[in-house]
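K.L.:
Got a structure for you, questions after.
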């Protein structure tokens, strides 16, 4: 009998990995895909989007197949202008589901979809036992965690009454999360990145007229893509040498110098992208921590850009004074008879101030800290010693074949991970171009003949 491979998570990573397995596996292979019913085959990022939410990448670059990056645009029969466009995320959800269905229909393998939440997994003598929210349980030889980012935790400073209050929205992607917000409500948004942009677009699309106050440590908003795609840029020789040496400071100095001399900054950022995983691997823990503490907000504002149309809406809201961005921290928030009371401290100031709002929304983006998560599956596996947390809160530890390391640092046989929880190992592993390549690499590992796990001293070298 062949092997049984189970994937937990039916977003982009799950769909891409099943697709790769489906086209490679023979009839002896069983594949089970487990995921939440409301976003099965597309994930929260695309399946829970609204019509006003646009992709942050041009259509021409979003194919699920690494060999055919134009596959998404081809599937929609787009002309040149359409291929350059930033389309609605809902269109991409349809594309992903279509690719998954086509791969399943043509596969020799036996593929089963289970639109259920996986709530626990444990080691067995032969592999892993997976437990679903509907009470079902089944065994699998191999298990892949493709869960995407984790649901965010409650904001620091949130009182117990407010944490369960309908005026506190801790996860804006939940169906109907924004429905109860009055058009004239004064809204405090914690976070000024991509999630804030989506929230602002949704509220604006609903005719919201109340003030929107968005805060973050640096108060930085994502930059916009150019309306027209620029020509690919070559990195200066000094930057290439710094990348080879793993010298992050020299890389940044070289890029800044190139931009001062006329190179387009967007082109420079994009040219760095293929080199970021090898660079991250070369950085020690201290340099990674320094990057996260000092440079991460600036990098992410430049790297994770938004569609020009979305940026235009944000700029208009700011020009009209409806949206205010501020570099500040939320110290405390509580619900009072007069409404939501928030204590804020502006960056660089010694004193705090108290403001009143009608609604508080957490829009802080990716959460990959498995030590703090309340997700039942990940928390349970962590407590059982099946997962090793990244020391900087960036996900799970893995080896170079994406095998998850247990609490003792050993690579767990048959347990793999793909997606944002690999940020500690690879950093640049949250967008389609990197994820589709990772899916192909992992599919090849999964279909290899079962290997004997060596003693800890002879384990494969660690990624990151």
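The values are calculated or read from the model by the stated rules, or taken from the named source; none is laboratory data. Keep in mind that what you see is a predicted model, and the values were worked out from it rather than measured. Ideal geometry is used to build each Cβ from the backbone, glycine not excepted, and the neighbour counts take in all protein chains shown.
K.L.:
Would you mind finding the one in 123, 24 that is in the same structural domain as residue 415 (by TED's automatic domain parsing), surrounded by 18 or more Cβ atoms within 10 Å (Cβ to Cβ) and more than 30 Å from residue 222 (Cβ to Cβ)?
P.N.:
Just one listed residue meets the conditions, 123.
K.L.:
Take residue 392 and tell me if it is more than 26 Å from residue 18 (Cα to Cα) and either in contact (Cβ under 8 Å) with a residue 12 or more places away in the chain or touching a strand residue (DSSP E or B) at 6+ places or on another chain (Cβ under 6 Å) (or both).
P.N.:
Here the answer is yes, as residue 392 does meet what is asked.
K.L.:
For region 305-325, name all the residues that are closer than 17 Å to residue 363 by Cα and surrounded by fewer than 17 Cβ atoms within 10 Å (Cβ to Cβ).
P.N.:
324
K.L.:
Which residue, of 49, 73, 103, 85, is in a helix (DSSP H, G or I) and under 24 Å from residue 198 (Cβ atoms)?
P.N.:
None of the others qualify; the one that does is 73.
K.L.:
Suppose we filter 232, 274, 297 for residues that are at negative phi, surrounded by fewer than 16 Cβ atoms within 10 Å (Cβ to Cβ) and either in contact (Cβ under 8 Å) with a residue 12 or more places away in the chain or touching a helix residue (DSSP H, G or I) at 6+ places or on another chain (Cβ under 6 Å) (or both); which single one remains?
P.N.:
232
K.L.:
Same structure again: Residue 281 fails exactly one of the following numbered conditions: (1) farther than 28 Å from residue 436 by Cα; (2) touching a residue at least 60 places away in the same chain (Cβ under 8 Å). What is the number of that condition?
P.N.:
(1)
K.L.:
Can you pull out the residues in region 126-150 that are crowded, with 18+ Cβ neighbours inside 10 Å and closer than 24 Å to residue 103 by Cβ?
P.N.:
Those that are crowded, with 18+ Cβ neighbours inside 10 Å and closer than 24 Å to residue 103 by Cβ: 127, 128, 130, 140, 141, 142, 143, 144, 145, 146, 147, 148.
K.L.:
Right, another one. Which of the residues belonging to region 146-166 are under 21 Å from residue 6 (Cβ atoms) and either at pLDDT below 85 or in contact with a strand residue (DSSP E or B) (Cβ under 7 Å, 6 or more places away or on another chain) (or both)?
P.N.:
146, 147, listed by residue number.
K.L.:
Does residue 422 qualify as being modelled with pLDDT of 95 or more and touching a helix residue (DSSP H, G or I) at 6+ places or on another chain (Cβ under 7 Å)?
P.N.:
So residue 422 does not fit the description; no.
K.L.:
Kindly indicate the residue of region 376-394 that is under 17 Å from the mean Cα position of the chain (by Cα) and surrounded by fewer than 19 Cβ atoms within 10 Å (Cβ to Cβ) and also nearest to residue 149 (Cα to Cα) among those meeting that condition.
P.N.:
Filtering region 376-394 for residues that are under 17 Å from the mean Cα position of the chain (by Cα) and surrounded by fewer than 19 Cβ atoms within 10 Å (Cβ to Cβ), the one nearest to residue 149 (Cα to Cα) comes out as 393.
K.L.:
Exactly one of (1) modelled with pLDDT under 95; (2) assigned to a loop (DSSP other than H, G, I, E, B); (3) under 30 Å from residue 30 (Cβ atoms) is unmet by residue 413. Its number?
P.N.:
Condition (2) is where residue 413 drops out.
K.L.:
Looking at the structure I just gave you, is residue 93 buried (at least 21 other Cβ atoms within 10 Å of the Cβ) and either modelled with pLDDT under 95 or assigned by TED's automatic domain parsing to the domain that holds residue 132 (or both)?
P.N.:
Judged against the criteria, residue 93 is a match.
Conditions tested, residue by residue: (1) assigned to a loop (DSSP other than H, G, I, E, B); (2) within 19 Å of residue 417 (Cβ to Cβ).
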{"residue": "14", "(1), (2)": "no, yes"}
{"residue": "17", "(1), (2)": "no, yes"}
{"residue": "21", "(1), (2)": "no, yes"}
{"residue": "24", "(1), (2)": "yes, no"}
{"residue": "28", "(1), (2)": "yes, no"}
{"residue": "38", "(1), (2)": "no, no"}
{"residue": "41", "(1), (2)": "yes, no"}
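K.L.:
Turning to a different aspect of this structure: Out of all the residues in region 403-418, which are touching a strand residue (DSSP E or B) at 6+ places or on another chain (Cβ under 8 Å) and closer than 19 Å to residue 393 by Cβ?
P.N.:
404, 405, 406, 417, 418 - these are the residues of region 403-418 that are touching a strand residue (DSSP E or B) at 6+ places or on another chain (Cβ under 8 Å) and closer than 19 Å to residue 393 by Cβ.
K.L.:
Just to be sure before I move on: is residue 266 outside the structural domain of residue 332 (by TED's automatic domain parsing), assigned to a helix (DSSP H, G or I) and more than 30 Å from residue 50 (Cβ to Cβ) in the structure I sent?
P.N.:
Judged against the criteria, residue 266 is not a match.
K.L.:
Would you tally the residues in region 27-44 being more than 24 Å from residue 106 (Cβ to Cβ) and buried (at least 24 other Cβ atoms within 10 Å of the Cβ)?
P.N.:
Total satisfying the criteria: 0.
K.L.:
Among the residues of region 235-249, what is the count of those that are surrounded by 20 or more Cβ atoms within 10 Å (Cβ to Cβ) and either in a loop (DSSP other than H, G, I, E, B) or in contact with a strand residue (DSSP E or B) (Cβ under 6 Å, 6 or more places away or on another chain) (or both)?
P.N.:
Within region 235-249, residues that are surrounded by 20 or more Cβ atoms within 10 Å (Cβ to Cβ) and either in a loop (DSSP other than H, G, I, E, B) or in contact with a strand residue (DSSP E or B) (Cβ under 6 Å, 6 or more places away or on another chain) (or both) number 1.
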